[in-house]
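Reading through the structure tokens given below for one structure.
What follows is calculated from the coordinates using simple rules that are stated; it is not laboratory data. Note that the structure is a prediction, hence the values are computed from the model and not measured. Methodologically, a virtual Cβ is constructed for each residue, glycine included, from the backbone with ideal geometry; neighbour enumeration extends over all protein chains shown.
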Amino acid sequence: MVFHLGDGRWWDMDAGRWRDGWGHRIRVTSGADILGQARRTQVVLAAVHRDHNTANNADANLAAFCQRCHIIHDRPEHQRRRWRTLFGGRRWATCSVGHTPEDLLAKIVRSSARLIEIQVAD
């Protein structure tokens with residue numbers, strides 16, 4: 001269980017102090033009614049590959065992060081994959097024999113044109 005304020009600040013029981021969303025120590029004013037705002041959350045841990053290589057399962061490459069920290073850790077990799085999907089797809093998309101989508105579309109157009117010529121000739 002983690003006690004938190006809902007804005008990224010959480011109570012570190014081991015150190016006996018409040019921390020921000022990045023784990024840095026923070027000061028809380030003594031007059032603030034912080035305990036009245038505190039909520040409890042059950043934390044679910046997720047396995048993380050530190051180098052983003054899922055084939056590398058060495059102990060030194062694996063870590064247990066909470067889901068929030070896992071998403072933060074994987075953000076650059078997710079952005080890279082999203083960019084590649086959105087803007088790099090044409091360069092990467094090929095069929096099993098190496099044709100690009102443009103090649104396949106040209107073949108379909110040529111085949112359709114031949115079918116039309118055959119039907120008109122009959």
Completion exercise
Within the under-12-Å Cβ sphere about Trp18, not counting Trp18, Lys/Arg +1 and Asp/Glu -1 give a net charge of +2
Practice task
Name the shape class, rounded, prolate or oblate, that the alpha-carbon gyration tensor gives for region 45-87, where a ≥ b ≥ c are the square roots of its eigenvalues, rounded holds for a/c under 1.5, and otherwise prolate holds if a/b is larger than b/c and oblate otherwise.
Solution key: oblate
